[in-house]
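Nothing in this text is a laboratory measurement; each read-out follows from the coordinates by a stated rule. Here the structure is a predicted model, which means the values were calculated and not measured.
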């Protein structure tokens, strides 16, 4: 399998996948943000105690893209630099359903250990005005610790590509607009 088709030209045969692009800058993560996360997680873990049948409340995880489609998605998300992460704030969409899933998948951990799983993953430097877990290398949470919102969300351009039936055409990912636009090399099977 070739990583990039160097003979392919960005013409009518390349399918464009257009995604947004974040222009936020890295800044040191404030202790206040980490404190707000801790408070939010404690509330979610407490809500979990009163939840009826928490082991049944979590839907199955969404199917992740695989193969060439996964490569296109990874390229798009890398070029985007976390534009969609801005809504995560200091809560990262973590709720009692996420806590129920994490507790179910890691029964050896008590509530304090689950809390520390998240606190320990807060990056020293994160993107200003973005999700608390949005660090220099992307999300510092593994998919198993992310909220269902984060695991299932795709921006409009990427969602359109993923729902299409043309997963074999060469693709060029275009992120941003104007002078801030970045493009990928042509991706091909």
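If the segment from residue 27 to residue 46 were pulled out straight at 0.36 nm per residue, it would be longer than the present Cα-Cα gap by 3.7 nm. Over the chain, dividing the summed -39,500 (n - 2.57) contributions of all DSSP H runs of at least 4 residues by the number of residues returns a 222 nm mean residue ellipticity of -11000 deg cm²/dmol. Taking the inverse of the mean 1/r over every pair of distinct Cα atoms in the chain gives a Kirkwood hydrodynamic radius of 18.2 Å. Comparing 166, 148, 90 in a Gaussian network model of the chain, where Cα atoms under 10 Å apart are tied by springs, the biggest mean-square fluctuation is seen for 166. For the chain, modelled as a GNM whose springs connect Cα atoms under 10 angstrom apart, the maximal fluctuation among 149, 17, 66 occurs at 66.
Quick one: among 98, 13, 29, which has the greatest mean-square fluctuation in a GNM of the chain with alpha-carbon springs under 10 angstrom? In the Gaussian network model the winner is 13. The mean of 1/r over all pairs of different alpha-carbon atoms in region 117-189, once inverted, gives a Kirkwood hydrodynamic radius of 15.0 Å.
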